[in-house]
Structures are given as structure tokens and as C-alpha cells.
Amino acid sequence: MKIAFVGKGGSGKTTLSSLFIRHLAATGAPVMAVDADINQHLGAALGLDEPEAAALPAMGAHLPLIKDYLRGTNPRISGADTMIKTTPPGEGSRLLRIDEDNPVYEACARRVGLDSGQVRLMVTGPFTESDLGVACYHSKVGAIELCLNHLVDGRDEFVVVDMTAGSDSFASGLFTRFDMTFLVAEPTRKGVAVYRQYKEYAADFDVALCVVGNKVQGPEDLAFLRAEVGEDLLVTVGHSDWVRAMERGRPPRFEELEEVNRRALRTLYEAADASYERRDWRRYTRQMVHFHLRNAESWGNEKTGADLAAQVDPAFMLGESVLAGRPAATSASV
């Protein structure tokens, strides 16, 4: 299952995504956590101290390795230098599983131990001094999109992505890569403005979207959200002493999270799990190809000097069935 947390900056999406990740890990499910936000706070929210979070390898720094590994023996891709963030898999491509060892995870992922269980954590990496004025942050999240395009995941394993703030994810096809998108909204005009924008953009792509009301302090806040987002409002979250302690760097054990907030996390899980019944690998592959062709025409062909439309394998459809008979990837444990 692929799950995204989105919302305006400061809405609490990193905090809520970290709580959901902890909830999933406590069930024993395999979990890959991905920090795709420019502010890179997910590691700290999962309990890493500053030096540990700063030492996490940036996915963008390993993009050549990622491309070379995923390319495999795909005859439609002449070399890793012709792969872009939207390049789809085809016959011969290497595919990723959440709970495996492979060179991509070895280079880009690190294990994070939690109270109950552990997760793999990958990060896009922050802006560096050399990026300022010459780079776009969307180039950094391209590594995530490429990996998700080559990922085959099942119902009881999870990728949870803390996305860029606002509607920035619409700068690519990344917003279509998820089974469920949780939009975290405060009960304010600015909070629901991001929801309206996201819902409008996502409408044509059948994106499953639920709103999580955050910082809800009373009946008036709840009424405001219900009036503004209607049936898309899934659940609300209010003040949490546990979260406040976590933000101070002294989180109690996760089992001590307030019961009302534990119920909210169970509601998120139930919504995400139900989305599996609507999963359509054919549509997922079609959208992947759609955005690849758009990117190829607008900038990819010129940048790589290749006809990137030729990378599309018309007979290939991503899905769990394509893994039948393929040997599992092996590598040093991450």
C-alpha cells in the first residue's frame, strides 16, 4: 500500500505521518517511510537526533545507482543516462519490493528502531548551498517517483510518504502514485484552500483523497471543517500531550499515546486498507505512461538526446503478477 500525507506547511502532516508510521510498525507490518518534504523533519519525528538525521543518505545523491539498478536488462532503455523521473518499467526492468534487500535500499535506506518494531527510512535530502539559485526541488523528489514507478507492493506492506507542502507534488505525476492520500487540514481558510486546490487537480486522475482535520479544538472547528470539505472529512485530531513531548525530544512510549488519537490512527488504517479493493494496476500503469510521455515531450527528449517515448513497453503492466517466477533481490541487510 502506498500512502501520502499532504497539506500546507505547518499543518502537521509530518507529525501525523510519523504517528501513522509508528502505528503501522506496531502491527508488525513492513514499512518504508519516505521524507519528500523540503524541510526534512520526518527523521526527527521518528526519534532520530540531529546528527543521525543529518547523516541519512540523500536519494538524489544516488540517482545514477538507482537508475542503473532499475534499468536491469530492459532493451528499451539504452543507458541510465537516458532515464528520467517518469521512466516506466518494462520487460527486463528490475522491480522493487518493500521488504527485501537490494542495492537501492543499501545505498539510500536506513533502519530506524521504534518502540514497537522498526521501519526503513529514505529521504530526498535537503537543499544544499550548491542547489541555491540553480536547482529545483522537484528534481530531488524525482528519485522517489522513479522508485514508486518500479515498486510492486501488497496489501499488508506500506510505503508512507511525507510529501512536499501545498500542491507542489502536482509538478510531476507523483500525486498519482498512491492508493490513498491523506490531506491534513487545519480549521482555517488557508487550511481548506489547499484541500480545494488538491481536490480540483486530482479529480481527473481518480486520486483517493481523505481529509484529516488537525488542531481541532472544539465544536466550532469541527463544524467549519465539515462545512468546507463535506464527506471528504475522515477524522479529526486535537491537542496531544504525547506529541508535545515528542516535539521536545522526550517522547513517551508509543503505547501511551492518547486513546482518542489511537482511534484516529486506526481510522486512517481502515481507510487505507479499504483503498486496496479499488486498486487498479492497469490504470496505475496507464497514468505512469501518460506522465512519462508528457515529460518526454516537454523537456526529457531534449535533455537526454533520446526519443523517450520508445522506452514505453506497450505489453507491460505493472502488478504483483509480474513477480511470479522472478528471483528475489538480495544484498547486504540495511
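The values are calculated or read from the model by the stated rules, or taken from the named source; none is laboratory data. Quantities reported herein were computed from a predicted structural model and do not represent experimental measurements. Counting neighbours? That spans all protein chains shown, and the Cβs are built from the backbone with ideal geometry, glycine included. Heads up: the accessible areas ignore ligands, DNA and RNA and are worked out on the full protein's heavy atoms, side chains in. Shrake-Rupley method; radii C 1.70, N 1.55, O 1.52, S 1.80 Å.
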### Query
What number of residues within the stretch 304-334 are at pLDDT 95 or above and assigned to a helix (DSSP H, G or I)?
5
### Query
Can you tell me which residues in the stretch 33-81 are without any contact (Cβ under 8 Å) to a residue 40 or more places away in the chain, open to solvent by 60 Å² or more (accessible area, probe 1.4 Å) and hydroxyl-bearing (Ser, Thr, Tyr)?
Thr73
## Note on the structure
Out of (1) closer than 26 Å to Ala227 by Cα; (2) out of contact with any Phe, Trp or Tyr (no Cβ under 8 Å at 6 or more places or on another chain); (3) not in a loop (DSSP other than H, G, I, E, B), the one Leu174 does not meet is (1)
## Note on the structure
Sole miss for Val216 among (1) farther than 24 Å from Ser17 by Cα; (2) not in a helix (DSSP H, G or I) is condition (1)
### Query
Considering only residues of the stretch 192-201 that are of a type in the set (A, V, I, L, M) and buried (at least 20 other Cβ atoms within 10 Å of the Cβ), which is modelled with the highest pLDDT?
Val192
### Summary
Scanning the stretch 1-49 residue by residue, those under 21 Å from Trp242 (Cα atoms), at pLDDT 95 or above and among the acidic types (Asp, Glu) turn out to be none
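Quick grid of which residues meet (1) free of Cβ contacts under 8 Å to residues at least 60 places away in the same chain; (2) closer than 18 Å to Leu268 by Cβ; (3) over 20 Å from the mean Cα position of the chain (by Cα):
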{"position": "Arg196", "(1), (2), (3)": "yes, no, yes"}
{"position": "Lys199", "(1), (2), (3)": "yes, no, no"}
{"position": "Ala203", "(1), (2), (3)": "yes, no, no"}
{"position": "Asp206", "(1), (2), (3)": "no, no, no"}
{"position": "Gln217", "(1), (2), (3)": "yes, no, yes"}
### Query
Which of the following residues is touching a residue at least 12 places away in the same chain (Cβ under 8 Å), assigned to a helix (DSSP H, G or I), open to solvent by less than 60 Å² (accessible area, probe 1.4 Å) and under 23 Å from Gly117 (Cα atoms): Ala245, Ala272?
Ala272
### Message
Going residue by residue through the stretch 156-166, is there one that turns out to be open to solvent by 20 Å² or more (accessible area, probe 1.4 Å), within 30 Å of Glu320 (Cα to Cα), in contact with a Pro (Cβ under 6 Å, 6 or more places away or on another chain) and charged (D, E, K, R)?
### Response
yes
